[in-house]
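Only one structure is covered here, and it is reproduced in the block below.
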């Protein structure tokens, strides 16, 4: 049976790019199942795509071929295929997009530059390697082709890696940043409940949230229904990150002064008197 393909990109759906990649894959491997993980990665945001892949890892079939394309310098980077130490196959540009997923899988067993002339669609459009190089390579792997068929072996140490966006933790304080905003204005942070414990804040019920453009006091809650309209809350989102929310119809990102991905956020305990009345 063909392997499924899990497809992630920043293409959106306004044009034909996602559909064309589907067409290329199913023409080459007609029985292939394609799971569209997301095509809403913020445009050209390689790190956001890399995090989404790694955060989704435990829900992906072990035999899936992961096809990922977020490529600000399309045509300028090698297109690569990677087998992780877990046996998962990843295909995409060598720009760090696959980093966190292969790290979560224990590293790289084998890596290849995609150069097989019989797979690549000619002429290759310099601005659409997803269609002409990466999708055909994923289709070959999905139908049982060997990684070694795709091209010359690469030294895994030479592949592009992104630094993982870990929060900075000290006693009583977590310095983190905005990872993402969703359509509801919720603010996803690169901090976890483990960071709360390391900072000695795990017993704090109300958290002071400070950005360069705004601040708030948020209760640590389990779900959205625990927050009244306009009030602030801090939850653990389904991907495991801390997330600042407000009760509908308020918008947490706007309430923090219009924060954007990459902006710094500081989490601390509010003053004792304030905390005792929260």
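Please treat every number below as a calculation from the coordinates, not as lab data. No experiment lies behind these values; they were computed from the predicted model shown.
Worth a mention:
- Distance from the alpha carbon centroid of segment 208-230 to that of segment 89-159 works out to 42 angstrom.
- Extent along principal axes [Cα atoms of segment 168-277; Å; largest to smallest]: 33, 30, 27
- Taking every DSSP bridge with both residues inside the chain, close to 70 percent are antiparallel.
- Contour excess over end-to-end distance, with Cα ends at residue 160 and residue 198 and 0.36 nm allotted per residue: 10.6 nm
- Gained length - residue 124 relative to residue 39, 0.36 nm times residue gap less alpha-carbon distance: 28.4 nm
- Relative contact order computed over segment 168-277 (Cα-Cα under 8 Å; 6+ residues apart), in percent: 35
- Percent of alpha-carbon pairs separated by more than 22 Å within segment 117-231: 59
- Principal axis box of segment 203-264, alpha-carbon based, largest edge first, Å: 26, 24, 22
- Counting 0.36 nm for each residue step from residue 153 to residue 223 and taking away their Cα separation leaves a gain of 20.5 nm.
- Cα gyration tensor, segment 5-158 - rounded (a/c under 1.5), prolate or oblate: rounded
- Candidates 11, 59, 184: whichever shows maximal mean-square fluctuation once the chain is modelled as a Gaussian network with Cα springs under 10 Å: 59
- Using only Cα coordinates, the Kirkwood hydrodynamic radius of the chain works out to 20.2 Å.
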